[in-house]
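No lab work stands behind these numbers, since they all come straight from the coordinates. As the structure is a prediction and not an experimental result, all values here were calculated from the model. FYI the Cβ positions are ideal-geometry reconstructions off the backbone, even for glycines, and counts take in every protein chain you see.
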Amino acid sequence: MRTRTAIAVALLLGTASTACASSSEPETIRVTVTQTVTATPSAEADADASSGVLKMGAEKDVIDAESNLHATVQALEYQQPYKGPQPQPPEDFQGGDTWATAEVKVCNKKGDNLSVSQFPWSLAYKDGTSIEVTGSSGGDMPKPEYPMDKTLTPGRCARGLIAFPVPGGKRPERLVYEPEGGEPTEWAIPKA
């Protein structure tokens, strides 16, 4: 907007100086326009372009022409520790001492029906370890809970929280979505 205003002022000044000139010959006015464009990354921009890790909130298309499927998958938020009503502390065998949650969303854009579950989601740590979902459902788990087994018809979405039993003193690096037989999609988990 400022660039357009500056151009309009320059043209008006040029016209006024031409009208006031005593010479009968027309005067040529040269106007140079410089425009600066600032690009800001969208929500779909990579957190680390070289590794293909997305920023939290980015949406990714999942297209499988062979299976007649077009879906989108999105990681919306990660909380550690989970700040809502606390479920029972994780059991020792689950691998953590506190609960963390990931809010996720999967949409079936078009094609055949799509079955969604918490099981394709996991957390990946810098040291190479990963934490899978426990499969716990209902009761005192954080709400709204992402479905365990749900069929999405075209045009429908599933959204909710997935709880992970995590070590409280350690933060994961990435949230991973890897459906059976599919390529993994990863989102960078922001620093605490």
Checklist outcome for this item: Residues whose modelled amide H sits under 5 Å from the amide H of VAL62, counting only those 5 or more places away in sequence or on another chain, are ALA71, THR72, VAL73
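Expressed in nm to one decimal, what extension gain is obtained for the pair THR153 and LYS105 from 0.36 nm per residue of sequence separation less their Cα-Cα distance? Intermediate results must be reported in sequence, preceding the final value.
Details: separation 48, 0.36 × 48 = 17.28 nm, distance 1.46 nm.
Using 0.36 nm per residue and subtracting the Cα-Cα distance, I get 15.8 nm.
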Item to check | In nm, spacing of pseudo-spin labels at ALA192 and PHE119 (7 Å Cα→C-beta vector) | outcome: 3.2
Item to check | Whichever lysines have a C-alpha closer than 17 Å to that of LYS83, once near sequence neighbours (fewer than 8 apart) are set aside | outcome: LYS143, LYS170, LYS191
Checklist outcome for this item: Counting sequence-distant residues (5 or more places) and residues on other chains, those with an amide H built under 5 Å from that of GLY160 are VAL104
Checklist entry - Straight-line reach from LYS150: which lysines have Cα under 26 Å away, leaving out those fewer than 8 places along the same chain? => result LYS60, LYS105, LYS109, LYS110
